[in-house]
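The values are calculated or read from the model by the stated rules, or taken from the named source; none is laboratory data. Values in this document were obtained by computation on a predicted structure and should not be read as measured data. Using ideal geometry, Cβ is built from the backbone for each residue, glycine included, and neighbour counts are taken over all protein chains shown.
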């Protein structure tokens, strides 16, 4: 899909913000996560937000629409934990494909509505592929360094099912995000290549890693440059950083990517670091001021928000990005 590449050569694109933050505003209860699909499931499902694309699609559609109304060019599917591996926590491995298919379908429907209203501002669906809740590089047992919860092949299998659902549901691009272990990401990229070959598709791929602390490394110990080197074999649309650190703390690592990556670059940081209550304090104005530095220095081609961000944050970024051309 060359359209998005051509647009990125001309202007900065805006990604949406946090889905979980917005879902919390609806104060949903257990029955909301079961409706018409999982009413007889024996385990508690409250908090498994990915299920809402099946049980409360009206909520997810409304959130997508809020972000598009705020000015987002790209919205992420509500499928961050849509793998059999992540859904195993709820004994819902069987739901993984449907989560991704309907997650993409819902997002596509809303994007098409907004594109139809303003064809000069096309909207795109990014199939969200999270890191799962296990790691291939680090043992969860300090007494057994060689132990792993899963294998590379099983990770590829889980990602393949997710990718098929996202593509068949109508995603325009695929976003492998919040990468804390690059080996997990390599399994996702392997799965994407395999599935795209099988389906005869060629969707652009975005990759976004997570710097976990002031050392500038991912959880599995890679520096930003090492992370880039590990994934640049893939034919990526963009590479970037998201989540853990607030916008201001990401700047030196974005500089590394911008200087060394042969791709477009992206950033969708949290609204600062969480406070003692686990909430995020940075206002849209504060975040926009930090994002302005990224734009002034030409560090990013795609910008958006992660944890704690809202349509208000995205509107502030979109208003700002409109003043910049590439």
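Residue check: is residue 294 more than 16 Å from the chain's Cα centre (by Cα), surrounded by 20 or more Cβ atoms within 10 Å (Cβ to Cβ) and under 25 Å from residue 73 (Cα atoms)?
In short, yes.
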Item checked: Residue among 250, 237, 203, 257 that is in contact with a strand residue (DSSP E or B) (Cβ under 6 Å, 6 or more places away or on another chain), modelled with pLDDT under 95 and surrounded by 18 or more Cβ atoms within 10 Å (Cβ to Cβ) -> 250
Checklist line | Scope region 206-223; condition touching a helix residue (DSSP H, G or I) at 6+ places or on another chain (Cβ under 7 Å) and either more than 30 Å from residue 246 (Cβ to Cβ) or at pLDDT below 95 (or both); matching residues | finding: 211, 216, 218, 220, 222
Notebook entry, point to check: Residue check, residue 178 against (1) modelled with pLDDT of 95 or more; (2) in contact with a helix residue (DSSP H, G or I) (Cβ under 9 Å, 6 or more places away or on another chain), all met but one. Which one?
Noted result: (2)
Margin query: What are the pairs with Cβ atoms under 6 angstrom where one residue, in region 298-323, is modelled with pLDDT of 95 or more and the other, located anywhere, is part of a loop (DSSP other than H, G, I, E, B) and surrounded by fewer than 21 Cβ atoms within 10 Å (Cβ to Cβ)? Sequence gap at least six, or different chains.
Written below: 315/71; 318/71
Notebook entry, point to check: Here are 131, 119: which of them is free of Cβ contacts under 8 Å to residues at least 12 places away in the same chain, in a loop (DSSP other than H, G, I, E, B) and either surrounded by fewer than 23 Cβ atoms within 10 Å (Cβ to Cβ) or touching a strand residue (DSSP E or B) at 6+ places or on another chain (Cβ under 7 Å) (or both)?
Noted result: 119
Item checked: Residue that is farthest from residue 312 (Cα to Cα), among those in region 56-83 that are assigned to a loop (DSSP other than H, G, I, E, B) and more than 12 Å from the chain's Cα centre (by Cα) -> 83
Next item on the list: Mind telling me which of the residues 106, 99 ends up being touching a residue at least 12 places away in the same chain (Cβ under 8 Å), buried (at least 20 other Cβ atoms within 10 Å of the Cβ) and under 15 Å from residue 85 (Cα atoms)?
Entry: 99
Notebook entry, point to check: On the given criteria, is residue 94 surrounded by fewer than 19 Cβ atoms within 10 Å (Cβ to Cβ) and in a loop (DSSP other than H, G, I, E, B)?
Noted result: no
Check: If you check residue 140 against the conditions, is it more than 17 Å from residue 49 (Cβ to Cβ), modelled with pLDDT of 95 or more and outside any helix (DSSP H, G or I)?
Finding: no
Notebook entry, point to check: If only one of 275, 270 is touching a helix residue (DSSP H, G or I) at 6+ places or on another chain (Cβ under 9 Å) and modelled with pLDDT under 95, which one is it?
Noted result: 270
Item checked: Only listed residue being within 16 Å of residue 17 (Cβ to Cβ), out of contact with any strand residue (DSSP E or B) (no Cβ under 8 Å at 6 or more places or on another chain) and crowded, with 18+ Cβ neighbours inside 10 Å, chosen from 268, 313 -> 313
Notebook entry, point to check: If you scan region 265-278, which residues turn out to be farther than 18 Å from residue 322 by Cβ and within 20 Å of the chain's Cα centre (by Cα)?
Noted result: 265, 269, 270, 271, 272, 273, 274
Checklist line | Lone unmet requirement of (1) surrounded by fewer than 17 Cβ atoms within 10 Å (Cβ to Cβ); (2) touching a residue at least 24 places away in the same chain (Cβ under 8 Å) for residue 56 | finding: (1)
Check: Quick one: in region 12-48, which of the residues that are within 23 Å of residue 246 (Cβ to Cβ) and outside any loop (DSSP other than H, G, I, E, B) is farthest from the chain's Cα centre (by Cα)?
Finding: 24
